[in-house]
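Structure record follows, encoded as structure tokens.
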Amino acid sequence: MRVIWGRDNSVNVQKVLWCCEELAIEYKRLDAGMNFGVVNTPEYRALNPNGLVPTLDEDGFVLWESNTIVRYLAATHARGGLWPDDPRARAHAEQWMDWQNSTYWPAMRPLFMGLVRTEPAKRDPQALETHRLAVLKLMEILDAHLQSHAYMGGDAFTMGDIPVGCGVWRWMGMPIERPALPNLQRWFDALAKRPAFRKAVMQPLS
Ligand SMILES: N[C@@H](CCC(=O)N[C@@H](CS)C(=O)NCC(=O)O)C(=O)O
């Protein structure tokens, strides 16, 4: 039995759900995190000492860190597909996975939290604009990359698109000014045609 712990509005949980949907593998998702609690119970902490979501439990094989889970599932079920066989192609996919976690999300998180998870009266418009401009610079990096690459890892859709795709949905789904970035838009439109992305990720932000 494959269990994924985590609320389905979490960017990091969505990476894992999207990956499972792409791979057409069965899973059971259990709500945890934020208003669902669970993550501070001793039982959950024994699985994931960070008290964060997602956590994967496959018949006692326990794994946390969303990108690691995506890599594991892709390597187990889609070698030569989502998980490129060629080490260089795989490294390019992984580069963007790491970039999403280390560079993109730290910039996007304050914009997302300040807008989507803060009630209107408590929002700080000046701070939000500073955050928007910081994220825009990263969107321009993506747009420049996608000028000469169909997908994050190269010519084909791979696991490299999953974390960035989940992050970019936050940009596309928020009520903010978005200057035209045609290459990014073309890539996003291609993702939006994927039933797995629509099901797991393209939900109203909350
Ligand atoms: N680096 C971790 C970060 C996990 C993380 O920060 N998860 C958030 C949700 S996106 C969380 O658990 N927040 C606390 C909560 O939901 O209670 C990963 O990629 O899995």
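Just so you know, all these numbers are worked out from the coordinates, no wet-lab data involved. Because the structure is predicted, anything quoted here is derived from the model rather than measured. Cβ placement follows ideal geometry from the backbone for every residue including glycine, while neighbour counts extend to all protein chains displayed.
Side notes on the structure shown:
- Label sites at THR68 and ARG109, each approximated as a point 7 angstrom past Cα along Cα to Cβ, lie 1.7 nm apart.
- DSSP bridge orientation in the chain - percent antiparallel, rounded to nearest 5: 70
- Value in Å of the Kirkwood radius, where the chain supplies the Cα pairs that are averaged: 17.6
- Cα coordinate range in the range 1-115, projected on the principal axes (Å, largest first): 41, 37, 22
- Per-residue Cβ neighbour rank within 10 angstrom, fewest leading, THR68, THR55: THR68, THR55
- Structural size metrics of the range 87-195, computed from C-alpha coordinates, are Rg and Dmax of 14.3, 50 Å.
- Residue exposure sequence - ASP143, ASP59 - by fewest surrounding Cβ within 10 Å: ASP59, ASP143
- For the range 60-163, trypsin sites (Lys or Arg not before Pro) are listed when DSSP marks them as loop and at most 13 other Cβ atoms sit within 10 Å of their Cβ; the list is ARG117, ARG123.
- Among the GluC sites (Glu not before Pro) in the range 20-80, those located in a DSSP loop and surrounded by at most 10 other Cβ atoms within 10 Å of their own Cβ are GLU26.
- For the chain, adding -39500 (n - 2.57) for each run of n ≥ 4 DSSP H residues and dividing by the number of residues yields -16000 deg cm²/dmol at 222 nm.
- Sparsely packed GluC sites (Glu not before Pro) within the range 117-180, loop by DSSP, other Cβ within 10 Å at most 12: GLU177
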